[in-house]
Amino acid sequence: MKNLTLSTLARLLPLACGRRSARRLAILIYHRVLASGDFMRSDVVDEARFEWHMELLRSFFNPLSLAAALDLLKTGDLPPASVCVTFDDGYADNVEVALPILKKWDIPATFFISSGYLDGGRMWNDTILESFRQLEAKDIDLSSIGMGVQPLATENARRDTAQRVIDALKHRPPEQRSAGTRFIASMASELPDDLMMSGAQVKKLVDAGMEIGGHTVSHPILAALDREEARREILDGKNALEKLTGKSVSFFAYPNGKPGRDYTDFHRRILPGLGFKAAVSTHWGVSTVGSDIWQLPRFTPWDKNPAQFMLRMIRNYQDVQ
Ligand SMILES: [Zn+2]
């Protein structure tokens, strides 16, 4: 029954992808691909789920590199059910867990890496998650960051409280966010320093034919920075990756990526002058020949079974931006 549903849905795909002249490009976003399940990240893709995602892409879609897809998008020659795979931030598990699966199913991908965290760095949201993983009290007083007393008694409570702290700090000014993160981290003992890629792992991706894209140095919300700082973050991140890989970095992903909130038209307009050829946001939807190549929409497939995944991909192909 499950297989029947899947094959029926697969037959619907070409209908969802539009006439040849208006073919649509889906760009998927992943962040981490965990080696195994983790209660602190219960909705994150693990190895088994990533494997069947890639198997479905190879079986029913046309996976393309971002560079190839954008060339075909311009000329209106995309094949049906075109899809690109992208990863944001530069997690080590992308190389350790996802890369062998991408190679197995022959799927090209683009990795948008924040250069400042390579070789032992840790993003602030991971500092929060990893700190809460270690907290064993019944509850925690977070009045100093404006959140009152929050529960910690169960694994679920620790995860949910950590997520609420991340959501609360995300859009605060950078110095407030850092102070809040330091306060949480001060309650934990040793925190991991191997979550992000090493320089050698970035080179391994390049050697495997994968594309590296810019994602700033320190993953700030660009809209919260002054213009010169934002320009420096974008350019310095690009230069660091180019120096490391010896290849030009042509694509950019806006940190956090919501148009108008996390980045503005100013950031979109400076990218061509900084040497980029296109950029991706985290606004959901698919692209067509008329889409703005400086803020191509993307989409996160989170489904836990293949038929739901196919159904969501079909719905996403209707969502032209
Ligand atoms: Zn990011």
Consider Val97 against the criteria (1) β-branched (Val, Ile, Thr); (2) within 16 Å of the ligand (Cβ to nearest atom); (3) under 26 Å from Leu205 (Cα atoms): it satisfies all of them except one. Which criterion is unmet?
(2)
Go over the candidates Gly257, Gly213, Gly237 one by one and state the one that is part of a strand (DSSP E or B), within 14 Å of the ligand (Cβ to nearest atom) and under 17 Å from the mean Cα position of the chain (by Cα).
Gly213
Lone qualifier among Phe111, Phe50, Phe60 - being within 16 Å of the ligand (Cβ to nearest atom), touching a residue at least 12 places away in the same chain (Cβ under 8 Å) and of a type in the set (Phe, Trp, Tyr)
Phe111
Only one of these is in contact with a Leu (Cβ under 8 Å, 6 or more places away or on another chain) and either among the small types (Gly, Ala, Ser) or outside the structural domain of Arg11 (by TED's automatic domain parsing) (or both): Ala98, Ala92, Ala67. Name it.
Ala92
From the list Leu222, Leu311, Leu296, which residue is farther than 17 Å from Ser114 by Cβ and crowded, with 20+ Cβ neighbours inside 10 Å?
Leu296
Counted residues in the stretch 216-234 being more than 16 Å from the ligand (Cβ to nearest atom) and at pLDDT 95 or above come to 5
Report yes if Ala35 is free of Cβ contacts under 8 Å to residues at least 60 places away in the same chain, small (Gly, Ala, Ser), at negative phi and surrounded by fewer than 17 Cβ atoms within 10 Å (Cβ to Cβ), otherwise no.
no
One residue is enough: does the stretch 181-190 have a residue meeting the conditions surrounded by 20 or more Cβ atoms within 10 Å (Cβ to Cβ), part of a helix (DSSP H, G or I) and in contact (Cβ under 8 Å) with a residue 40 or more places away in the chain?
yes
Of those in the stretch 70-92 that are surrounded by fewer than 23 Cβ atoms within 10 Å (Cβ to Cβ), under 22 Å from the mean Cα position of the chain (by Cα) and more than 16 Å from the ligand (Cβ to nearest atom), the residue modelled with the lowest pLDDT is Ala81
Could you look through the stretch 277-293, keep only residues that are part of a loop (DSSP other than H, G, I, E, B) and away from the ligand (no atom under 16 Å from the Cβ), and pick out the one that is surrounded by the most Cβ atoms within 10 Å (Cβ to Cβ)?
Gly285
Across the stretch 240-254, what is the total count of residues that are free of Cβ contacts under 8 Å to residues at least 60 places away in the same chain and within 16 Å of the ligand (Cβ to nearest atom)?
2
Select from the stretch 263-281 the residues that are in contact (Cβ under 8 Å) with a residue 24 or more places away in the chain and farther than 24 Å from Glu242 by Cβ and list them in ascending order.
Thr264
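The values are calculated or read from the model by the stated rules, or taken from the named source; none is laboratory data. Only a predicted model underlies this, so the values are computations on that prediction, with no experimental measurement involved. A quick note on method: Cβ atoms are made from the backbone with ideal geometry, for glycine too, and the neighbour counts reach across all protein chains shown.
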